[in-house]
C-alpha cells in the first residue's frame, strides 16, 4: 500500500505579508476600540475638545501608528488583487506605482494634520 503525499514546495514569499496584514488588522481593531472607549468616557462637545483630544503626543503617535497600519494593510490587499487579476506586467507596475504614491501621500497628509495642530 503506497501512500502519496505531496511535499510542500515554494518560497512562501507571501506568508510574511499575510501575517503582517493580520497584525495590522489587530492594531486597527485595538486602536478603534480604545478610541471608542475614550469617546464613550468623555465625548468631545465642541471643536476645542476634539483638538484637545488629539493634542497629546501619545494620541498623535497612536493615530499615526493606526494610519501606517491601515495603509500597509491596504497596500497588501490591493497588491494581491492586482497580482491576481492584472496580467500585463507593465500595467501592473503602473498600478503599483500609482497606489504606492497615493498611499504615501495619505500618510504624509495624516502626519501633516496630526502634527500641524497649533
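Size descriptors for the stretch 15-115: radius of gyration and Dmax over Cα atoms are 16.8, 52 Å. Between the helical axis of 13-41 and the longest alpha-carbon principal axis of the chain there is an angle of about 20 degrees.
Comparing 41, 95, 81 in a Gaussian network model of the chain, where Cα atoms under 10 Å apart are tied by springs, the biggest mean-square fluctuation is seen for 41.
Output the 0 to 90 degree angle, nearest 10, between the alpha-carbon long axis of helix 89-115 and the longest principal axis computed from the alpha carbons of the chain. So the inclination is approximately 20 degrees.
Report note on the peptides 44-52, 71-79: ranked by the mean count of other C-beta atoms within 10 Å, highest first, their order is 71-79, 44-52.
None of the figures in this text is laboratory data; all of them are computed from the coordinates on show. Predicted, not measured: the structure shown is a model, and the values here were computed from it. Using ideal geometry, Cβ is built from the backbone for each residue, glycine included, and neighbour counts are taken over all protein chains shown.
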